[in-house]
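**Q** The following block contains the structure, expressed as structure tokens.
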Amino acid sequence: MGIWATGSTSAALFEALGLGLFALITDLRTVRPREERAVSASGADPTALVVAYLSELLALEQRDGFLVREIVARPVGNPPTALVASVRGEPFDPARHPRGVEVKAITFHALAIDLDRGRARVIVDI
């Protein structure tokens, strides 16, 4: 199982990857952007940054039960090796949020990111 994302900028691509992760976990239409959290990540290169960033987002869900609905990402560097993001969402509510796939981890397996074309593919461990 994986996430395939596109974005016209590196920020848009990282935002799409994050929302793609949460779209696996639940139906995003049921998540309200009620609370804001900050997320930061860094990596030796864009590939490592993708894994670190998505792992930080996944930790919000696994540790805090927090589901993300909106993301504003600010990549740092060219190519980006760090990222700061503002995410909005709410805690998981079993009465309103259907359970999708339980994502256990983000992997490097077959990960591909093309910043020039604004495309990325990430395989997740379920």
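**Q** Which of the following residues is under 18 Å from Phe22 (Cα atoms) and among the hydroxyl-bearing types (Ser, Thr, Tyr): Thr81, Thr107?
**A** Thr107
**Q** Looking at Arg63, is it at pLDDT 95 or above and farther than 24 Å from Ala112 by Cβ?
**A** Yes: the conditions hold for Arg63.
**Q** What are the pairs with Cβ atoms under 7 angstrom where one residue, in the range 59-73, is closer than 12 Å to Leu21 by Cβ and the other, located anywhere, is surrounded by 18 or more Cβ atoms within 10 Å (Cβ to Cβ) and hydroxyl-bearing (Ser, Thr, Tyr)? Sequence gap at least six, or different chains.
**A** Leu67/Thr26
**Q** Filtering the range 39-87 down to residues that are surrounded by 15 or more Cβ atoms within 10 Å (Cβ to Cβ) and of a type in the set (Asp, Glu), which residue is farthest from Ala120 (Cα to Cα)?
**A** That would be Glu61.
**Q** How many residues does the range 93-126 hold that are under 14 Å from Leu24 (Cβ atoms) and in contact (Cβ under 8 Å) with a residue 24 or more places away in the chain?
**A** 15
**Q** Mind listing just one residue for me: the one in the range 98-112 that is part of a strand (DSSP E or B) and under 16 Å from Leu57 (Cβ atoms) and, of those, nearest to the chain's Cα centre (by Cα)?
**A** Checked the range 98-112; the qualifying residue nearest to the chain's Cα centre (by Cα) is Ile106.
**Q** I've got another one for you. Sort through Glu36, Glu90 and tell me the only one that's crowded, with 16+ Cβ neighbours inside 10 Å and out of contact with any Phe, Trp or Tyr (no Cβ under 6 Å at 6 or more places or on another chain).
**A** From the options Glu36, Glu90, the qualifying one is Glu90.
The values are calculated or read from the model by the stated rules, or taken from the named source; none is laboratory data. What you see is a predicted model; the values in this text were computed from it and never measured. Note: ideal-geometry Cβ built from the backbone for every residue, glycine included; neighbour counts use all protein chains shown.
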